[in-house]
1. Return the total of residues in the stretch 20-39 being in contact with a helix residue (DSSP H, G or I) (Cβ under 8 Å, 6 or more places away or on another chain) and assigned to a loop (DSSP other than H, G, I, E, B).
2. GLU138: of a type in the set (D, E, K, R), under 24 Å from GLY100 (Cα atoms) and surrounded by fewer than 21 Cβ atoms within 10 Å (Cβ to Cβ), yes or no?
3. Name the single residue, out of those in the stretch 84-121 being over 18 Å from PRO12 (Cβ atoms) and β-branched (Val, Ile, Thr), that is farthest from the chain's Cα centre (by Cα).
4. Within the group GLY170, GLY164, GLY113, which residue is touching a strand residue (DSSP E or B) at 6+ places or on another chain (Cβ under 6 Å), touching a residue at least 40 places away in the same chain (Cβ under 8 Å) and assigned to a loop (DSSP other than H, G, I, E, B)?
5. So which of GLY133, GLY100, GLY57, GLY81 ends up being touching a His at 6+ places or on another chain (Cβ under 7 Å) and touching a residue at least 12 places away in the same chain (Cβ under 8 Å)?
6. Suppose we filter the stretch 66-86 for residues that are in a strand (DSSP E or B) and either surrounded by fewer than 18 Cβ atoms within 10 Å (Cβ to Cβ) or of a type in the set (Asp, Glu) (or both); how many remain?
7. Which condition from (1) at pLDDT below 95; (2) farther than 20 Å from GLY145 by Cα is the one that ALA169 breaks?
8. What's the total number of residues in the stretch 187-224 that are over 27 Å from the mean Cα position of the chain (by Cα) and in contact (Cβ under 8 Å) with a residue 12 or more places away in the chain?
Amino acid sequence: MSGLTFTLKAEPNQRLDLSSLVPGRLDGLSEMAIAVLPIGTTKELLVVGDLFDIALGDTASIRLEGGSERFDRVGEGLSAGAVHVEGDVGFRAGRAMTGGTLTIAGSAGPHAGSGMSGGTITIAGDAGERLGGPLAGEMAGMSGGLIRVLGSAGPRAGDKLRRGTILVAGDAGEHAGSRMIAGTLVVGGRAGPGAGRLMKRGTLVLAGGADGLSPTFLDNGPADLLILGLMAKAFSGSAIGMPLITGAPMRRYGGDTAVLGKGEVFVPLA
């Protein structure tokens with residue numbers, strides 16, 4: 001049995017809240033019941049049937065044919081099953097996921113994976129700012145699971161990362177891995193300035209180098225560590241479509257000592 005499919009009729013004229021289009025909330029609903037679910041975010045009432053043609057199928061596998069940067073909160077709260085978007089999405093994609101798989105064939109807006117504790121998010125394009133990071137007022141960001149970005153990431157990727165793994169094949173904006181508490185962030189390309197700023201623990205691997213680290217990081221010299229080889233094997237082509245690191249020795253920095261941090265940042269040897 002094929003999955004439940006939503007085909008976009010036209011570009012929406014307002015931002016949409018698509019958090020209801022996850023397996024746990026659609027299981028057992030009829031086509032009519034799904035069609036009248038509200039998804040609008042303004043005074044103009046919009047329901048699913050206004051913007052999508054619906055093809056009933058297995059609710060454990062949901063497919064959105066067509067995307068838009070106005071598709072907000074896609075896959076939010078996903079706990080099991082799969083959601084696939086054939087296009088771009090807006091902010092908070094995969095927010096608070098605890099399980100399942102969210103696949104985005106395009107790019108994602110800010111706060112993708114915010115507050116997630118399990119599951120896997122794959123973004124074929126670029127990710128906006130604060131990938132896996134917390135919303136305003138939250139004490140921590142992502143606390144588990146895996147995020148894979150085949151393009152680049154915006155500023156503050158992995159901000160306040162507590163647990164889990166973020167893999168970015170391309171570049172990352174400024175302050176990648178800022179305020180990390182634990183977990184792993186690997187950037188295959190080059191990171192902007194301020195990488196790892198105020199990190200307390202965790203591992204930040206910048207395979208393409210960075211535009212300067214804070215002076216409060218300590219240069220620990222070249223490191224030929226077993227963990228680099230293990231990460232290279234774990235994050236090989238099967239994980240993101242290309243090798244991110246080779247496992248060769250890298251230069252290790254410790255910090256951020258500005259907050260008595262015990263984190264580690266790896267960059268290529270000069």
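The values are calculated or read from the model by the stated rules, or taken from the named source; none is laboratory data. Predicted, not measured: the structure shown is a model, and the values here were computed from it. Because the Cβ atoms are built from the backbone with ideal geometry, glycine has one as well, and the counts that use them run over all protein chains shown.
1. Within the stretch 20-39, residues that are in contact with a helix residue (DSSP H, G or I) (Cβ under 8 Å, 6 or more places away or on another chain) and assigned to a loop (DSSP other than H, G, I, E, B) number 5.
2. On the way: of a type in the set (D, E, K, R): yes; under 24 Å from GLY100 (Cα atoms): yes; surrounded by fewer than 21 Cβ atoms within 10 Å (Cβ to Cβ): yes.
Criteria met by GLU138.
3. The extreme case among them is THR98.
4. Numbers: GLY170 fails: touching a strand residue (DSSP E or B) at 6+ places or on another chain (Cβ under 6 Å); GLY164 fails: assigned to a loop (DSSP other than H, G, I, E, B).
None of the other options fit; the residue is GLY113.
5. Details: GLY100 fails: touching a His at 6+ places or on another chain (Cβ under 7 Å); GLY57 fails: touching a His at 6+ places or on another chain (Cβ under 7 Å); GLY81 fails: touching a His at 6+ places or on another chain (Cβ under 7 Å).
Criteria check complete, one pass: GLY133.
6. 2
7. (2)
8. Going through the stretch 187-224, the residues over 27 Å from the mean Cα position of the chain (by Cα) turn out to be 215-216, 218-224.
So of that shortlist, the ones also in contact (Cβ under 8 Å) with a residue 12 or more places away in the chain come out as 216, 218-224.
Of the residues in that region, 8 qualify.
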